[in-house]
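The values are calculated or read from the model by the stated rules, or taken from the named source; none is laboratory data. None of these values were measured; they are calculated from a predicted model. Don't worry about glycine lacking a Cβ; one is built from the backbone with ideal geometry, like all the others, and counts go over all protein chains shown. Surface areas here come from the heavy atoms of the whole protein model, side chains and all, with no ligands, DNA or RNA. Shrake-Rupley method; radii C 1.70, N 1.55, O 1.52, S 1.80 Å.
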Amino acid sequence: MERITMSMKFKAVAAAVGIALSALTFNAIGCSTVIVGKDASKTGTIIIGHNEDNGGRILNPQYWVPPQDHADGEMIKFEPAAASIPQVKHTFGFYWSQTFDPNGASFSDGFVNENGVVIVTNACTGIYEDDVMPTKDGGIGYGIRRLMAERATSARHAIDIAIDLLGKYGYFSEGRTYTVADSKEAWQIAIHQGNTWVARRVKDNEVVYIPNNFMMNHVDATDTENVIVAPGMIERAIKNGRYKPAVPGVYNDFNFRVAVAPAERRAAGYSLSRNNLAWKKLIGQDITDPEKFPYSTTQAKKMGVEEVENLLRTHEPQIGDDPGWYHHQGIGLCRPTTHESGVYVLDKNPLLITGYRTMARPCETPYVPFFPLAAPAKAAAFMSWDKATAEHFKGTPELFSFDPDWQSFRFVELANIVDYNRDAFKDNTKFVNGLEKAWMKDAAAAKTQAAALLGFSEEKARAYLHAFNAEVFDKAQYAVGEEARKLMPHEVAVLADTINPKSEKTVDVVLYSDAKLDASKIDLSRTHAGVGRSSIGTTGVVSALAKPVKHEVKDMNGDGRKDMVLTFKAKEIAQNMIPGATYDIWLYTMDGKKRVAGFDTALIEPDGYKPVKAKSETHDR
């Protein structure tokens, strides 16, 4: 891609930059999870759907982490302030969908382990202050999800692992609901800070939807086969006046969400909208009272992969300002900060679990099928799994650089351009649906072929499915890359190798004229430059980005056409960017009623940066 060769500039400086992280990340509360029981599913198997939301410069690589044997006495400490935990002798292999955040992500990663256990989560913050329980040695956070992935032989075993860890260390976050599932059953464990929790098995005929609120209500603590309650929690709720059993001493009507979360949190707008939209689709009811949202239903029509994907793509009809990004005000299931979405169809043979995953907002990019336990396509990651583990809470800035060679950026490009060029939204939806329809058939055929191969050799079946993963991912990134280029036909160039984010100096950005664009006639009052939609939080607006301080009409490339040279203040164009990373710097403007956008790249200088001559053209991201 000719216009993004500025990433080559990074080759000349990356090796010489020693970088301290100073990230401007705008986090948003927005995850959504849907669980479809096997009897409520068109596939006859459990389906798990999940949107992951985090604002700012978030990358979403995928890895296969192999099984490992560990030395006696080995300890694990994922986060600097968390407790050190003894490692077990053997850990299972697992698929890892990483949320790579400059500040570290304790609560976002998704997993599918070799025993077929799927793990996703939702933040559920806002508990009563007087109900916060203590932790030991710093408590546990990220470790719960990672250790469930490493150790669980089943969904029920994963719950036992979590309960054991909570009892020993306590949870250091306000609250979260973990969803774990295998081919036999799905469980949720809703965890309150400290050692306060309820675990519940999802019934086979149920559909559960949960946003970022504790949603468990009417918990029957007497049903010990399907419900597990933390010791002392119910008694404490009674003492605090937050639960009164209908029959004294019989706890079959415990409302967990009322007992642990204040009314204002249960009614919070960021979850109210999603709940309303989700249940309207699931059961056809327009529920507006936050206390009447169900935790689950047995009334939903049977759901398959397409229905789950459709639910996860849901947002309000009008969610953006004009002429800004389409995703601005939206707080539906699909929102500005939805950086990945996944659907998992469970199977008795874990190798045959089918996943469908977007690498950006699901309403703008396709769900790409894959088989998690056959290992993701190599192009889906830019580090080795062990380096990714080491970097997870380190956040080396240069690793957040735009790189056209890392193919997942193609999906982000498409989401960014569609989000600005909303006139293309309907056509893009048709494009995405066409891809998914073909891939759905391909995935079904691949699963059938792999099932046949399993009768001869598991190794051959795994290799076959891995080849499928690589081929479909390659086709997907090529298709979305071509589509993005169609929507960004006009060349943009940033006339700077580096940008000082604290400088009052200026940076020139050129929009070149071509046969279909007279750049000299763009609307300067509606012209801005800065980050892409996917690199900023929920409340970001185009109008808050850098505005040109001057402009000049000039033929910059000698083709006889007058181009537009736009001058921006360096510190304004670099706002919301991480010093030490090479960014895709977007130009947004209007040509009459037509939206025009494109990008080029430049390094955002870290403190103390001094340009040096590169010794090699080798680029190790």
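Can you work out the Karplus-derived ³J(HN,Hα) for every residue in segment 339-349? Use 6.51 cos²θ - 1.76 cosθ + 1.60 with θ = phi - 60°, whole Hz, and x for glycine or proline.
With coefficients 6.51, -1.76 and 1.60, one gets 9, 7, 9, x, 10, 10, 9, 6, 8, 4, 9 Hz.
For S41, what residues show an amide H to amide H distance below 5 Å, using hydrogens built from the backbone and excluding near sequence neighbours?
Correct list: M303.
Based on Cβ point charges of +1 for Lys and Arg and -1 for Asp and Glu, what charge dipole magnitude is obtained for the chain about its Cα centre, in debye rounded to the nearest 20?
580 debye
If amide H atoms are built 1.01 Å from N in the plane of the peptide, which residues on other chains or at least 5 residues away come under 5 Å of the amide H of T153?
A158
Which log10 I(q)/I(0) values, to two decimals, does the chain give at q = 0.09, 0.10 Å⁻¹ under the Debye formula with one point per Cα?
Result of the Debye calculation: -0.73, -0.90.
With only Lys, Arg, Asp and Glu charged, each at its Cβ (+1 for the first two, -1 for the last two), find how big the charge dipole of segment 55-149 is about the Cα centre; round to the nearest 20 debye.
So the magnitude is around 240 debye.
Would you be so kind as to identify which of F409, A424, A450 lies farthest towards the positive end of the dipole of segment 408-469, taking Lys and Arg as +1 and Asp and Glu as -1 on Cβ and the Cα centre as origin?
With unit charges placed on the Cβ atoms, the residue in question is A450.
Work out the charge dipole of segment 298-351 with +1 on the Cβ of Lys and Arg and -1 on the Cβ of Asp and Glu about the Cα centre, then indicate which of T337, L311, Y326 is farthest towards its positive end.
Selected residue: L311.
Report ³J(HN,Hα) in whole Hz for each residue of segment 226-235, in order, from the Karplus equation J = 6.51 cos²θ - 1.76 cosθ + 1.60 where θ = phi - 60°; Gly and Pro get x.
Here the 3J(HN,Hα) series is 10, 9, 10, 10, 4, x, x, 5, 5, 4 Hz.
May I ask you to list the lysines whose Cα is less than 28 Å away from that of K281, ignoring any residue fewer than eight positions away on the same chain?
Filter leaves K38, K42, K184, K203, K292, K301, K302, K426, K430, K437, K441.
Taking the alpha-carbon centroid of each part, what is the distance from segment 415-466 to segment 331-405 in angstrom?
Measuring centre to centre over Cα atoms gives 14 Å.
Ignoring ligands and nucleic acids, what accessible area does R156 show with a 1.4 Å probe (Å², nearest 10)?
80 Å²
Mind putting a number on the dipole of segment 492-604 about its Cα centre? Charges go on the C-beta only, +1 for Lys and Arg and -1 for Asp and Glu, and I need it in Debye to the nearest 20.
420 debye
Report S513's accessible area, 1.4 Å probe, all protein chains in place, as a number in Å² to the nearest 10.
S513 has an accessible surface of roughly 10 Å² with all protein chains in place.
If you roll a 1.4 Å probe over the heavy atoms of the protein chains, what accessible area per residue do you get for the chain, in Å²?
I get 39 Å² per residue for this part.
Cα axis of helix 425-454 to longest principal axis of the chain: angle in degrees, 0 to 90, nearest 10?
The angle comes out at about 50 degrees.
Taking 0.36 nm per residue of separation and subtracting the Cα-Cα distance, what length does fully extending K460 through K594 add?
This chain segment gains 43.1 nm when fully extended.
Once fully extended, how much extra length lies between E316 and D289, figured as 0.36 nm per residue of separation less the alpha-carbon to alpha-carbon distance?
Here the segment from E316 to D289 would lengthen by 7.9 nm.
List nothing, just return the count: lysine pairs in segment 492-604, 8 or more apart or interchain, with Cα separation under 16 Å.
So the count works out to 19.
Under 5 Å between amide H atoms, partner at least 5 residues away or on a different chain: which partners does I191 have, H built in plane at 1.01 Å?
Those lying under 5 Å, H to H, from I191 are R176, T177, Y178.
Ordered by residue, what ³J(HN,Hα) values in Hz, to whole numbers, does segment 587-596 give under the Karplus form 6.51 cos²θ - 1.76 cosθ + 1.60, where θ = phi - 60° and Gly and Pro are x?
For segment 587-596, the Karplus-derived couplings read 10, 10, 7, 10, 10, x, 9, 8, 7, 10 Hz, x marking Gly and Pro.
Ranked highest first by the average count of other Cβ atoms within 10 Å around their residues, in what order do 43-53, 69-79 fall? List each step's numbers first, then the result.
Values: 43-53: 24.2, 69-79: 12.1.
Top of the packing list down: 43-53, 69-79.
To the nearest 0.05, how large is the calculated FRET efficiency for D39 and E74 if R₀ is 60 Å and r is the Cβ-Cβ distance?
Taking R0 as 60 Å, the efficiency between D39 and E74 is 0.90.
Compute the acute angle (0 to 90°) between the alpha-carbon long axis of helix 142-151 and the principal axis of greatest extent of the alpha-carbon atoms of the chain; round to the nearest 10°.
Roughly 70 degrees, rounded to the nearest 10.
Spin-label point model (7 Å from Cα, Cβ direction): what's the K554 to K486 distance in nm?
3.6 nm
Students sometimes get this wrong: rank S341, S106 by accessible area, probe 1.4 Å, all chains present, largest first.
Putting S341, S106 in descending order of accessible area: S106, S341.
Using only alpha-carbon positions, what ratio does the radius of gyration of segment 492-604 give when scaled by 2.2 N^0.38 Å? Before the final figure, lay out the partial values.
On the way: Rg = 13.5 Å, N = 113, 2.2 N^0.38 = 13.3 Å.
Normalised Cα radius of gyration, segment 492-604: 1.02.
Sorted by mean Cβ packing within 10 Å, highest first, what order do the peptides 310-318, 121-129, 566-574 take?
Numbers: 310-318: 17.4, 121-129: 19.7, 566-574: 22.2.
In decreasing order of mean packing, 310-318, 121-129, 566-574 become 566-574, 121-129, 310-318.
Please report the carbon-and-sulfur percent of the accessible area for segment 492-604; probe 1.4 Å, protein heavy atoms only, DNA, RNA and ligands left out.
Whole-percent figure for carbon plus sulfur exposure: 48.
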